[in-house]
Amino acid sequence: MRVFRGLPNAESRAPCALTIGNFDGVHRGHQALLARVNEAARARGLPVCVMTFEPHPREFFNPAGAPPRIAMLRDKLEALRTNGVDRVVVEHFNHTFASQSPEAFVKRILVDGLHARWVLIGDDFRYGAKRAGDFASLKAAGEQYGFEVEQMPTVADPSGARISSSGVRASLVAGDLDGARAALGRPYAISGHVTHGLKLGRDLGFPTLNLPIAHKRPALAGIFVVRVHGIEDAPLPAVASLGLRPTVDDSGRVLLEVHLLDWHGDAYGKLVRVEFLKKLRDEQKYPDLETLTAAIAHDVTVARAYFAAPGGASAAPASSDAGSAFDTAPGSRTTAFSTSATDRIR
């Protein structure tokens, strides 16, 4: 999969089958849409292209009121890759982009920039300044410029409820990992490179892997039972903290800290994926390090009990293959987790 920051250069502008969206979480609704793009692309001999945005348009227009993020860019790209996408254009969303008229968006982006021959949009898709463009206007533009346009109906769960990023986000905010897993079609996970930290966990007797979180408002926060892919051939049991670390840090920086239960070694620089299995509790601010240490020890005990219980080690439907957790959609590609395409996205 090739990833472009902004529109590709002229040499890379091969005709394509295209869909456009934020794809936060790449949930089952997104997966159904991508499966349809794959089907149309194969029938026409075209590559599959996705245009997505960074930052999220709602973050751009209203940073304080924007919804929490489900996925970091790396994880979104990995999910798109495993759902058969050949090219991803990560468009920088700014005033210039947002102020384009619907007509300019079609001519500059779809026709001249991406050479789209077939375009699929969701039933809530709008484009151009003030969201003035809709399916009808895009269909008319396709007739003018020679590309096909199709609209994807809402994808619902077995109860009839719409599968959406908002629903996944709400489940994560509530700590409902089972609900998030059902909508995503895979366990919720965060990946990143292990970085050096303050070594406080080591001083307290609980060394951690540190993964910085790019977004100030992740949808999930708290203390969790997790397992970690990317260090050994099989996933490793662990307990993790995702949040602001209020007892030891007042910077407002979000960090994912993971204590591996039965592994010791040097993991700095490794690209790992942390798979969330069960929420234990919310973050708390403790009066001193002694109280914090006792709380961590209790969390470790609870996590060990979780993995020791019947079915605990296989509670989430993912195999020991570090690349398999995303491989859920029809036509998805089973390849190694650490890929050159996503490894360059930090």
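I'd like to know if the stretch 131-147 contains one or more residues that are modelled with pLDDT under 95, over 20 Å from His30 (Cβ atoms) and polar (S, T, N, Q).
no
Just checking, how many residues over the stretch 140-170 are more than 24 Å from Pro68 (Cα to Cα), surrounded by 16 or more Cβ atoms within 10 Å (Cβ to Cβ) and without any contact (Cβ under 8 Å) to a residue 24 or more places away in the chain?
Selection size over the stretch 140-170: 1.
Does Gly205 satisfy the criteria of being buried (at least 19 other Cβ atoms within 10 Å of the Cβ), within 30 Å of Gly252 (Cα to Cα) and at pLDDT below 95?
So Gly205 fails the test.
Can you name the residue in the stretch 107-119 that is farther than 17 Å from Phe53 by Cβ and of a type outside the set (D, E, K, R) and, of all such residues, is modelled with the highest pLDDT?
Within the stretch 107-119, the match that is modelled with the highest pLDDT is Trp118.
Can you pull out every residue in the stretch 138-182 that is on the phi > 0 side of the Ramachandran plot and out of contact with any Lys or Arg (no Cβ under 6 Å at 6 or more places or on another chain)?
Within the stretch 138-182, Gly146, Gly160 qualify.
Name the residue, out of Val155, Val88, that is touching a helix residue (DSSP H, G or I) at 6+ places or on another chain (Cβ under 7 Å), of a type in the set (A, V, I, L, M, F, W, C) and at pLDDT 95 or above.
Val88
Kindly indicate whether Arg58 is surrounded by fewer than 16 Cβ atoms within 10 Å (Cβ to Cβ) and among the charged types (D, E, K, R).
yes
Just name the residue that is farthest from Gly179 (Cα to Cα) out of those in the stretch 120-162 that are of a type in the set (Val, Ile, Thr) and under 23 Å from the mean Cα position of the chain (by Cα).
Checking each candidate, the answer is Ile121.
Failed condition for Glu290, given (1) farther than 18 Å from Asp178 by Cα; (2) touching a residue at least 12 places away in the same chain (Cβ under 8 Å); (3) of a type outside the set (Ser, Thr, Tyr), with all others met?
Evaluating Glu290 over (1) farther than 18 Å from Asp178 by Cα; (2) touching a residue at least 12 places away in the same chain (Cβ under 8 Å); (3) of a type outside the set (Ser, Thr, Tyr) leaves (2) as the failure.
Scan the stretch 65-88 and give yes if some residue there is touching a Phe, Trp or Tyr at 6+ places or on another chain (Cβ under 6 Å), closer than 28 Å to Gly146 by Cα and either of a type in the set (Asp, Glu) or not in a strand (DSSP E or B) (or both), otherwise no.
no
Do you know which residues across the stretch 238-277 are within 12 Å of Thr195 (Cα to Cα) and assigned to a loop (DSSP other than H, G, I, E, B)?
Across the stretch 238-277, the qualifying residues are Asp266, Ala267, Tyr268, Gly269, Lys270.
Report whether or not Gly133 is touching a helix residue (DSSP H, G or I) at 6+ places or on another chain (Cβ under 6 Å), surrounded by 15 or more Cβ atoms within 10 Å (Cβ to Cβ) and either over 21 Å from Pro8 (Cβ atoms) or without any contact (Cβ under 8 Å) to a residue 60 or more places away in the chain (or both).
yes
If I ask for residues that are of a type in the set (D, E, K, R) and not in a helix (DSSP H, G or I), which ones from the stretch 135-163 would you list?
Answer for the stretch 135-163, where residues must be of a type in the set (D, E, K, R) and not in a helix (DSSP H, G or I): Glu148, Glu150, Asp157, Arg162.
Inspect all residues belonging to the stretch 309-329 and state whether any of them is at pLDDT 85 or above and either at negative phi or not in a helix (DSSP H, G or I) (or both).
yes
What number of residues within the stretch 184-194 satisfy the criterion of being over 13 Å from the mean Cα position of the chain (by Cα) and at pLDDT 95 or above?
0
Name the single residue that is farthest from Arg2 (Cα to Cα) among those in the stretch 37-52 being within 20 Å of the chain's Cα centre (by Cα) and without any contact (Cβ under 8 Å) to a residue 60 or more places away in the chain.
Ranking the candidates gives Thr52 first.
The values are calculated or read from the model by the stated rules, or taken from the named source; none is laboratory data. Values in this document were obtained by computation on a predicted structure and should not be read as measured data. In this analysis, Cβ positions are derived from the backbone assuming ideal geometry, glycine residues included, and neighbour counts consider all displayed protein chains.
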